[in-house]
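The values are calculated or read from the model by the stated rules, or taken from the named source; none is laboratory data. Predicted, not measured: the structure shown is a model, and the values here were computed from it. Cβ atoms come from the backbone with ideal geometry, glycine included; neighbour counts cover every protein chain shown. The protein model used for the area step is the full one, side chains on, heavy atoms only, and it has no ligands, DNA or RNA in it. Shrake-Rupley method; radii C 1.70, N 1.55, O 1.52, S 1.80 Å.
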Amino acid sequence: AIFAIMDPPRLGRPARSHGHLRLGRPCGFLAVGAGVDRGVPCNAPGLPPAARRLAEQAPEAIPVLKQLWVSPAHRRRGLARVAVEEALAGSAHLLVEAPVPELARLLEDLGWTLCGSRWASGRSFLCRYVRVGLH
């Protein structure tokens with residue numbers, strides 16, 4: 001699934017288009033796929049026991065965060081954070097191909113713990129995350 005990240009209209013100036021309230025303009029996207037267990041082991045050193053137990057109970061289909069992009073003019077506004085929270089709500093397992101440091105920090109801030117990684121193909125690698133404590 002591909003989600004559009006929308007720039008909310010400025011407060012006090014609701015945007016209107018053809019008589020309908022417009023929620024904003026696209027300023028980025030998030031691509032999440034329903035994947036399968038891609039053989040990423042639980043091999044992160046110092047993994048907390050609760051995260052290790054959760055990682056060992058991984059379902060067959062683990063969401064894969066494939067791409068996240070926000071236009072440079074719209075960064076540092078929390079739009080990526082909200083998009084990731086919404087797209088992964090209720091998920092406790094996640095795969096990410098070669099996360100950039102900013103994405104890795106965002107996932108950590110949202111409660112995700114890196115539990116393992118492996119080389120994928122060429123110069124890429126897959127990282128596996130779990131999120132403990134979902135209700």
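Some notes on this structure:
- Ala44 being open to solvent by less than 90 Å² (accessible area, probe 1.4 Å), farther than 21 Å from Ser124 by Cβ and at pLDDT 90 or above: no
- Any hit, region 91-110, residues being open to solvent by 90 Å² or more (accessible area, probe 1.4 Å), at pLDDT below 90 and among the small types (Gly, Ala, Ser): no
- Options Ala58, Ala15: the member that is open to solvent by less than 40 Å² (accessible area, probe 1.4 Å), at pLDDT below 90 and within 15 Å of Trp112 (Cα to Cα): Ala58
- Taking each residue of region 75-94 that is under 19 Å from Leu126 (Cα atoms) and looking for partners that are in a helix (DSSP H, G or I) with beta-carbon atoms closer than 7 Å, six or more apart or interchain, yields Val84/Leu106; Ala92/Leu54.
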